[in-house]
Amino acid sequence: MNTLFAAHGAPRTFLTLLKREFWENKGGLLWAPIVTGAIFLALTVMALTVAEVGIGKTKVQIGALNLDKITQNLDENQRASVGAAIDISALMTAGQISIVVAIVVFFYCLGALYDERRDRSVLFWKSLPVSDRDTVLSKVATALVIAPVIGILVGIATGLGIHLLLAIYLAFHGINVFDLLLGAASPMKVIGYLLGTIPLNVVWALPTVGWLLLCSAWAKSKPFLWAIALPVGAGVLVSWFDVMRSLSLPDSWFWTHVVARLVGSIIPGSWINFESLERTNIRGPEDFMDIASLGSFYQVLSQPSIWIWAAIGIAMIIVAIRLRRWRDDG
């Protein structure tokens, strides 16, 4: 094992560490999103089965209008609206699976450094020619990049699978929507959109990942309680003594800008300002897709607070690396 790590240089060593993290946590990183996607597909099949029992072999209609005639006589604007609606549904499916991945990553970070001390496997890993820095950074990369990419790919595959099942079901009833799926919708745009948000999610999630790894490296027991109790307890005290009002800020400010940033920034899309979206004049799904673009979302990086929190997250990761060097609980 020593030869394996020493012979290939730093890049190959780090790649080996990433593989180690993946294989040791394959159940959560890979199978959790796959099982979630499979459940979504199974629920879709069940819903279509129930619909088939109710509809039978009759035409699928909206009131007195045949759905096949509606879908085949759409103008360009209507096709754009339908395609945008399909893209939004794919984004929602991928987002739901990404939330499951975020939960997995939350507990992965909490146990990343604590579990190896508890089962004493840290002694074995420290005997290898691998630095604490590379070990911790491989866990950071797994949490911020590897897991989200897997979640996005599984989410896209699940969304496409659901749309394909719906298209096949409608085809058996004489309704052809494959042209809408392939022509009006933009699956490649959705994939590029989701993958394009990863760098933004990385910067945004740094404080939560740093905080969880710090608790994992520091806590002698029950890192989950420490990770939740400290920020939530601080929020309760701040609200109790009206600290924010003395600074001319609402009580919710501390919960939104401190507590949520420490424990909830790992949720994908939590950087979206939904209040500003609500104030925007959205007349249809195509307007939403235009407004909710990568360009508009990346404007959040112009806020100084996001970089301050990113620096705090990096600082906590550095402290976690330092703690791993000397912390060795039984």
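The values are calculated or read from the model by the stated rules, or taken from the named source; none is laboratory data. Because the structure is predicted, anything quoted here is derived from the model rather than measured. Here Cβ is always computed from backbone atoms with ideal geometry, including for glycine, and neighbour counts include all displayed protein chains.
Residues in the range 90-128 that are among the small types (Gly, Ala, Ser) and touching a helix residue (DSSP H, G or I) at 6+ places or on another chain (Cβ under 6 Å): Ala90, Ala94, Ser98, Ala112. When you check Trp255 against the structure, is it among the hydrophobic types (A, V, I, L, M, F, W, C), under 15 Å from Cys109 (Cα atoms) and assigned to a helix (DSSP H, G or I), yes or no? It is false that Trp255 is among the hydrophobic types (A, V, I, L, M, F, W, C), under 15 Å from Cys109 (Cα atoms) and assigned to a helix (DSSP H, G or I).
Being modelled with pLDDT of 90 or more and touching an Asp or Glu at 6+ places or on another chain (Cβ under 9 Å) holds for only one residue in Ala147, Ala141, Ala185, and it is Ala141.
Could we say that Gly192 is surrounded by fewer than 17 Cβ atoms within 10 Å (Cβ to Cβ), part of a helix (DSSP H, G or I) and among the small types (Gly, Ala, Ser) here? Answer is yes for this residue. Considering Thr71, Thr93, the condition of being at pLDDT below 70 and buried (at least 16 other Cβ atoms within 10 Å of the Cβ) is satisfied by Thr71 alone. With respect to the conditions (1) surrounded by 16 or more Cβ atoms within 10 Å (Cβ to Cβ); (2) of a type in the set (A, V, I, L, M); (3) modelled with pLDDT under 95, Leu214 lacks only one, and its number is (3). Condition first: among the polar types (S, T, N, Q), loosely packed, with under 13 Cβ neighbours inside 10 Å and assigned to a helix (DSSP H, G or I). Can you find one or more residues in the range 230-239 that meet it? No, because not a single residue in the range 230-239 is among the polar types (S, T, N, Q), loosely packed, with under 13 Cβ neighbours inside 10 Å and assigned to a helix (DSSP H, G or I).
Cβ-Cβ contacts under 7 Å between residues 6 or more apart (or on different chains), taken from a first residue in the range 153-180 that is under 17 Å from Ile34 (Cβ atoms) and in contact (Cβ under 8 Å) with a residue 40 or more places away in the chain to a second residue that is in a helix (DSSP H, G or I) and among the aromatic types (Phe, Trp, Tyr), are listed as Thr158/Phe40; Ile162/Phe40.
Give the residue, chosen from Ala84, Ala102, Ala94, Ala90, that is more than 21 Å from the chain's Cα centre (by Cα) and closer than 30 Å to Met188 by Cα. Only one candidate qualifies: Ala84.
Just to be sure before I move on: is Leu128 under 19 Å from Phe22 (Cα atoms) and either in a loop (DSSP other than H, G, I, E, B) or polar (S, T, N, Q) (or both) in the structure I sent?
yes
Close Cβ contacts (under 6 Å, 6 or more residues apart or on different chains) running from residues in the range 213-226 that are without any contact (Cβ under 8 Å) to a residue 40 or more places away in the chain to residues that are assigned to a helix (DSSP H, G or I) comprise Trp226/Cys215. Taken as a whole, the range 195-209 holds at least one residue that is surrounded by fewer than 23 Cβ atoms within 10 Å (Cβ to Cβ) and more than 25 Å from Ser305 (Cβ to Cβ).
Matching residues to (1) among the charged types (D, E, K, R); (2) closer than 22 Å to Ala227 by Cβ; (3) surrounded by 15 or more Cβ atoms within 10 Å (Cβ to Cβ); (4) at pLDDT below 90:
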position	(1), (2), (3), (4)
Glu278	yes, no, no, yes
Asp287	yes, no, no, yes
Asp290	yes, no, no, yes
Ser293	no, no, no, yes
Phe297	no, no, yes, yes
Gly313	no, yes, yes, no
Ile321	no, yes, yes, no
